[in-house]
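See structure below.
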Amino acid sequence: MTTLPFYSDDLPETAPAREPGRGTPRLRVPKRDQAAMSWESLDERLDPDSQARLVWRLVCELDLDAWLKEIKAVQRHVGRNATDPRLLVALWVFATLRGVGSARELERLCENHLAYQWLCGGVSVNYHTLADFRSQGGDKWDELLTQIVATLIDEGLVTMDRVAQDGMRVRADAGKSSFRSGGRLEELLAEAKLQVETLKNLAETDPDELTRRQRAARERAAKERQERIENAKRECDELRKKKEERDKGRKEKSSEARASTTDPEARNMKFSDGGCRPGFNVQFATDTATGIVVGVDVTNAGTDSEEMPPMVDQLEARYDTVPGEMLVDGGFTSLDAIDATESRDCKVYAPVKDAGKQEKDGKDPYARKAKDTDHTAAWRKRMGEEASRTIYKLRAQTAEWVNALCRNRGFQQMPVRGRPRCKIVATLFAITHNLIHQENVRAVAAKAAV
């Protein structure tokens, strides 16, 4: 048996027996320890049709002066160069498209994934920079959403004549076991204060036991825990007061108020699968003609019954105009909310509660009721018309479509804690959707103009 000259440990050292008189085969074998040099640039390596190129082009068209004004490193002055905000916005938009919400995971992708490497272009970013940029730019992200939609309004592409609103429950970054009653929160708060005081005394009596960095880290963690418990205690007290007001005159009292020590603003709420988990109520308002998201809000309300008037207020504050029509599902149809919306010359299209049951009982569900105001009576009468029911069908194909896209992009659980930061994440999803979808809107408008 003749041994073949293999050069890899992964291949067998001997070859099977051959017929007598046959020569040794000449083979091309792998040689994995041989170094190679590549002269390709990042731009040459990335697919010309990569979505990263589109994201970068769209972000470069945005006005990011709000971030640029905060940069202290300027020409002819000392200081380290700041990271281009266009890069950080592009990274988060592209990550959102790919369903990535973790700053640590985004940092790994910037090191190992070609598309993210192309966006970085040799600029190093760490998870701390990425996380801070996202969480500390609340007003700037909100202004960026307004800027994108306002540009489309100026172009005549978005009119907001008809807006569809819908809510979606998103899991909070908190566990059920983190919810505590008021009494237990008082005990935990006392323990947290004692821990902070103990760490201060330790630094004074035995400064050599821990390094300065270790001591600072422990003190910071203890103070943050104390602040979270204090916030949870305040939230729990507010919930208890609301429950007491709601339970006045009732025979059965509601359950004891509880708040989370992990994310005090999160609430236990019912999800679409029937389960109850800590979460937030994310509200998106969508222009039905274009599918562009024009408004975003995040609340901790378990129902949508009072969410329509605040959204109308938000849209007026953003764009100095009130939508002509609001399309909402049955969860939004409290009489007070409808009255407040209709009183602002904004027609509401929403299903009448138990309309089918009332018709079976021989009652007209669209006739004026005893508790109706002129505005709610007008809404009820409107929904009895076939044309209004046809208009209402536009809600599902716009508002629910946006919700489904967000779910497909990984919007299942909040990657951050606290309602303000959760709103930033929801706004980032809206910005990402609008940046990508505006290309389709412009294309449709250009085709219609031909």
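The values are calculated or read from the model by the stated rules, or taken from the named source; none is laboratory data. Just so it is clear, the model here is predicted, and its values are computed rather than measured. Glycine gets a Cβ as well: all are built from the backbone with ideal geometry, and neighbour counts include every protein chain shown. Just the protein is used for accessible areas: all its heavy atoms, side chains included, with ligands, DNA and RNA removed. Shrake-Rupley method; radii C 1.70, N 1.55, O 1.52, S 1.80 Å.
Normalised radius of gyration for the stretch 33-151, please: alpha carbon Rg relative to 2.2 N^0.38 Å, two decimal places.
Here the Cα radius of gyration is 1.17 times the empirical estimate.
In what order, largest first, do 361, 339, 287 sit by accessible area if the probe radius is 1.4 Å?
Heavy-atom accessible area, descending, gives 361, 339, 287.
More than 15 angstrom separation, counting every C-alpha pair in the stretch 218-273; what % is that?
59 percent
Springs between alpha-carbon pairs under 10 angstrom, Gaussian network model over the chain: which of 387, 430, 192 fluctuates most?
Most flexible of the set in this elastic network: 387.
Take the Cα pairs of the stretch 159-285, get the Kirkwood Rh, then feed it into Stokes-Einstein at 4 °C and 1.567 mPa s and tell me D in µm²/s.
74 µm²/s
Per 5 Å bin, what is the whole-percent P(r) computed from every C-alpha pair distance within the stretch 117-206?
2, 8, 7, 9, 11, 12, 14, 11, 8, 7, 5, 3, 1, 1
GluC sites (Glu not before Pro), restricted to the stretch 27-135: which are DSSP loop and have at most 16 other Cβ atoms within 10 Å?
40, 61, 70
Would you look at the GNM of the chain, springs on alpha carbons closer than 10 Å, and say which of 96, 198, 83 moves the most?
Looking only at 96, 198, 83, the largest GNM fluctuation is found for 198.
How about the stretch 141-246: which GluC sites (Glu not before Pro) there lie in a loop by DSSP and see at most 10 other Cβ atoms within 10 Å?
Sparse-neighbourhood loop GluC sites (Glu not before Pro): 209.
Could you work out how much longer the chain between residue 150 and residue 78 gets when fully extended? Use 0.36 nm per residue separation minus the Cα distance between them, nm to one decimal.
Additional length available on full extension: 22.2 nm.
Can you give the accessible area per residue of the chain, in Å², using a 1.4 Å probe?
58 Å²
Which number do you get for Rg(Cα) / (2.2 N^0.38 Å) in the stretch 405-448?
1.50
Å³ per residue of the Cα convex hull, for the stretch 168-231?
Considering the Cα atoms of the stretch 168-231, their hull volume per residue is 106 Å³.
Which three semi-axes in whole Å describe the equivalent ellipsoid of the stretch 215-362, each the square root of 5 times a Cα gyration tensor eigenvalue, listed largest first?
Sorted largest first and rounded, they come to 35, 24, 14 Å.
What is the stretch 382-433 by shape, rounded, prolate or oblate, if you read a ≥ b ≥ c off the alpha carbon gyration tensor as root eigenvalues and call it rounded for a/c under 1.5, prolate for a/b larger than b/c, and oblate otherwise?
Prolate shape, in that a/c is at least 1.5 and a/b is the bigger ratio.
Under the rule a/c < 1.5 gives rounded, and otherwise a/b versus b/c splits prolate from oblate, where does the stretch 36-98 land using the Cα gyration tensor?
Here the stretch 36-98 falls in the oblate category.
Starting from the residue with the highest accessible area, list 77, 113, 128 in decreasing order, probe 1.4 Å.
77, 128, 113
Between 286, 390, 205, which gets the highest mean-square fluctuation from a Gaussian network model of the chain, Cα cutoff 10 Å?
Among 286, 390, 205, the largest mean-square fluctuation in the Gaussian network model of the chain belongs to 205.
Mind pulling up the Rg/Rh value for the chain? Radius of gyration and Kirkwood radius, both on Cα.
Reported Rg/Rh, Kirkwood definition of Rh: 1.11.
Sort 162, 212, 86 by heavy-atom solvent-accessible area, probe 1.4 angstrom, most to least.
Of 162, 212, 86, the descending order of accessible area is 212, 86, 162.
What is the Rg over Rh value, at two decimals, for the stretch 327-445, using alpha-carbon atoms and the Kirkwood definition of Rh?
Ratio of gyration radius to Kirkwood radius for the stretch 327-445: 1.08.
Could you tell me the ratio Rg/Rh of the stretch 275-357? Both radii from Cα atoms, Rh via Kirkwood.
Taking Rh as the inverse mean 1/r over Cα pairs, Rg/Rh reads 0.98.
Are there GluC sites (Glu not before Pro) in the stretch 353-394 that DSSP puts in a loop and that have at most 12 other Cβ atoms within 10 Å, and which ones?
When the GluC sites (Glu not before Pro) of the stretch 353-394 are filtered for loop state and at most 12 Cβ neighbours within 10 Å, 385 remain.
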